[in-house]
Amino acid sequence: MKKSNVSSLSKLVKKFSQEDVILQMEKEYRSVASVNIPLEKIDDNSYVNKVTFSKKTVNLLGKSIKEKGFFNPLVVRRKGDRYELILGRKRYFGAKNIDLAEVPAIIREVDDEEVLLMLLADVRDEREGNIIEMALIYAALSEKFNYSQATLGKLSHQSRSQVTNIVRLLSLPEKVVKEVMLGELSYGHARALLRLDQFEIEEAVKTIHHNKLSVRETEALVKRYRYEDEDYEKEVSLITKSNARDVKIKPASVSFEFDTVEEKDKFIKDYLGK
């Protein structure tokens with residue numbers, strides 16, 4: 001890497017590794033006159049446009065904008081005769097939800113690298129992003145600008161292993177990734193699932209939702225899938241042969257529901273020896 005590039009990277013890391021860097025930027029933006037831009041001329045950010053929000057979130061933001069207006073303008077950059085969104089995605093979708101014609105925006109002339117760093121700082125400070133958004137940003141900085149895991153960790157105040165685990169979330173099935181971005185599965189649940197293959201993940205997710213498993217309980221479930229529990233196969237055999245209408249499994253308990261008392265009594269007699 002050329003010395004000038006190293007120097008440039010060092011300056012960017014120093015700037016964007018600071019706490020509340022986006023908050024400071026927004027304070028600066030308040031002294032700059034925003035411009036009203038037709039909403040139809042603003043495109044979502046190309047790096048994180050896979051990240052969606054729940055209808056509830058978008059509806060609430062739209063309602064808030066309708067009642068109170070914009071507390072902070074969007075931050076965009078020019079892309080030909082259009083604009084690309086940098087900061088303010090929730091506000092952007094909230095405005096679209098109420099069919100707003102124009103939105104206030106600050107226009108910044110920044111390159112792709114700085115756009116990604118702005119997005120990362122925004123997500124890191126838990127302002128408008130989520131863990132899947134962070135994973136996409138990490139991946140883009142690594143693939144497009146050769147950022148090391150150590151540098152990404154410094155920028156996001158995380159360890160190398162945390163950076164690795166977050167990026168690995170993108171390898172989960174698309175349906176599971178969507179559940180994580182919508183908050184239907186937590187990061188802890190998703191991280192535990194990374195040890196399983198795709199079929200096992202799909203089955204485990206059903207169990208997590210059906211039994212409302214905690215992260216710790218999910219980790220125990222994953223160990224069972226990986227045959228790290230010597231009694232796992234015996235339990236699977238017992239559950240399969242039970243003919244129960246419903247089985248709820250937790251690491252410390254298993255409950256069976258039968259259609260009739262007779263079926264329950266037969267199960268107890270045949271398999272529990274009572």
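Values quoted throughout were computed directly from the atomic coordinates according to the rules given, and no laboratory measurement underlies them. Computed from a predicted model, the values in this text were never measured in an experiment. Methodologically, a virtual Cβ is constructed for each residue, glycine included, from the backbone with ideal geometry; neighbour enumeration extends over all protein chains shown.
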On each of the three principal axes the extent of the alpha-carbon atoms of the stretch 63-215, given in whole Å and largest first, is 47, 38, 26
Per DSSP, the loop-located trypsin sites (Lys or Arg not before Pro) within the stretch 19-128 having at most 13 other beta carbons within 10 Å are Arg30
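Going through the cross-link list Lys175/Lys212; Lys14/Lys90; Lys41/Lys175; Lys175/Lys206, which pairs have a Cα-Cα distance over 20 Å in this structure? If you can, show how the numbers build up before the last one.
Details: Lys175/Lys212 18 Å; Lys14/Lys90 27 Å; Lys41/Lys175 30 Å; Lys175/Lys206 12 Å.
In this structure, Lys14/Lys90; Lys41/Lys175 lie more than 20 Å apart at Cα.
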